[in-house]
Amino acid sequence: MHPNPAFHTRQEIENLAFARERGFGVLAVNGENGPLLSHIPFLVDDDGKTVWLHLVRSNPIVRALTENRAARIAVSGPDSYISPDWYGVIDQVPTWNYVAVHLIGELELRPQDELHGILDRQSAHFEDRLVPKQPWTTDKMSDGVMTRMMRAIVPCRMVLTSVEGTWKLNQNKAPEVRQSAADHVDAYGQGTELKLLSALMRAVDGQS
């Protein structure tokens, strides 16, 4: 996370909303021989204090959870390379603008009988966004298939202790300089979700 406080102005509720909306990130815990990482979907509770997820039983993180472990989920948003020429002023250097939120807490295995409920809540969270499509539910699975598939995965819970967010949108530049860079991101950016990133850069000055 970038250390400049200019990029850490969002409130915790905004960072949690961003993570909840994304619902996908990189889970990291310390392993015996270094960091263990896993790309996972997750669900943030309405109270913003708990994250629910599941892992394949053979995942090294599962084997490391013989006891609760400190963990972090890194959630990435839009990003792009920023060319110094895009600012329209001299003596600038290249950088990368991005949005990222880190969910930090303690990860634990949960009883297997909680798994089905977690999966139902998680799928409902994403299926609700596909309206007017009829939501998919586990009831659509053939008899016994869901039970067999769930044997391969385990439920986990992460109790949050803190949330960190970096919204690096050239807040340290003059408004006209930032707007020029946003226009170029929209037209020539290299990264992901470029239109969203350029819109966020413009919104720093209250412009759409």
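The values are calculated or read from the model by the stated rules, or taken from the named source; none is laboratory data. Since we're looking at a predicted model, the values are computed, not measured. Neighbour counts are summed over all protein chains in view; Cβ atoms, including those assigned to glycine, are modelled from backbone coordinates with ideal geometry. Just the protein is used for accessible areas: all its heavy atoms, side chains included, with ligands, DNA and RNA removed. Shrake-Rupley method; radii C 1.70, N 1.55, O 1.52, S 1.80 Å.
Condition first: open to solvent by less than 60 Å² (accessible area, probe 1.4 Å), free of Cβ contacts under 8 Å to residues at least 40 places away in the same chain and of a type outside the set (G, A, S). Can you find one or more residues in the stretch 187-202 that meet it? Yes, the stretch 187-202 contains a residue that is open to solvent by less than 60 Å² (accessible area, probe 1.4 Å), free of Cβ contacts under 8 Å to residues at least 40 places away in the same chain and of a type outside the set (G, A, S). So, in the stretch 126-151, exactly how many residues are touching a residue at least 24 places away in the same chain (Cβ under 8 Å), under 25 Å from the mean Cα position of the chain (by Cα) and open to solvent by less than 50 Å² (accessible area, probe 1.4 Å)? The number of residues fulfilling the criteria is 1.
Of the residues in the stretch 81-103, not one is exposed (fewer than 14 other Cβ atoms within 10 Å of the Cβ) and either under 14 Å from the mean Cα position of the chain (by Cα) or over 30 Å from N170 (Cβ atoms) (or both).
Which one of these is in contact with a helix residue (DSSP H, G or I) (Cβ under 7 Å, 6 or more places away or on another chain) and outside any loop (DSSP other than H, G, I, E, B): V75, V62? Before the answer, list the steps.
On the way: V62 fails: in contact with a helix residue (DSSP H, G or I) (Cβ under 7 Å, 6 or more places away or on another chain).
Checking each option against the conditions leaves just V75.
When W52 is tested against (1) farther than 23 Å from H8 by Cα; (2) modelled with pLDDT under 95; (3) under 21 Å from the mean Cα position of the chain (by Cα), exactly one condition is not met: (2).
Checked against (1) over 29 Å from Q171 (Cα atoms); (2) without any contact (Cβ under 8 Å) to a residue 60 or more places away in the chain, L119 passes all but condition (2).
Hey, does the stretch 136-145 have a residue that's closer than 28 Å to E14 by Cα and hydrophobic (A, V, I, L, M, F, W, C)? Reasoning before the result, please.
Pass one, the stretch 136-145, residues closer than 28 Å to E14 by Cα: none.
Looking for residues that are closer than 28 Å to E14 by Cα and hydrophobic (A, V, I, L, M, F, W, C), one finds none in the stretch 136-145, hence no.
In summary, N4 fulfils each of the numbered conditions (1) within 17 Å of the chain's Cα centre (by Cα); (2) in contact (Cβ under 8 Å) with a residue 40 or more places away in the chain; (3) open to solvent by 20 Å² or more (accessible area, probe 1.4 Å) with the single exception of condition (1). Residues that are touching a helix residue (DSSP H, G or I) at 6+ places or on another chain (Cβ under 7 Å) and within 25 Å of E12 (Cα to Cα) within the stretch 179-204 comprise L194, K195, L197, S198, M201, R202, V204, listed in sequence order. Of all residues assigned to the stretch 21-39, none qualifies as being in a helix (DSSP H, G or I), open to solvent by less than 50 Å² (accessible area, probe 1.4 Å) and modelled with pLDDT of 95 or more.
Yes or no: R63 of a type outside the set (A, V, I, L, M), open to solvent by 40 Å² or more (accessible area, probe 1.4 Å) and farther than 30 Å from K173 by Cβ?
Details: of a type outside the set (A, V, I, L, M): yes; open to solvent by 40 Å² or more (accessible area, probe 1.4 Å): yes; farther than 30 Å from K173 by Cβ: yes.
Here the answer is yes, as R63 does meet what is asked.
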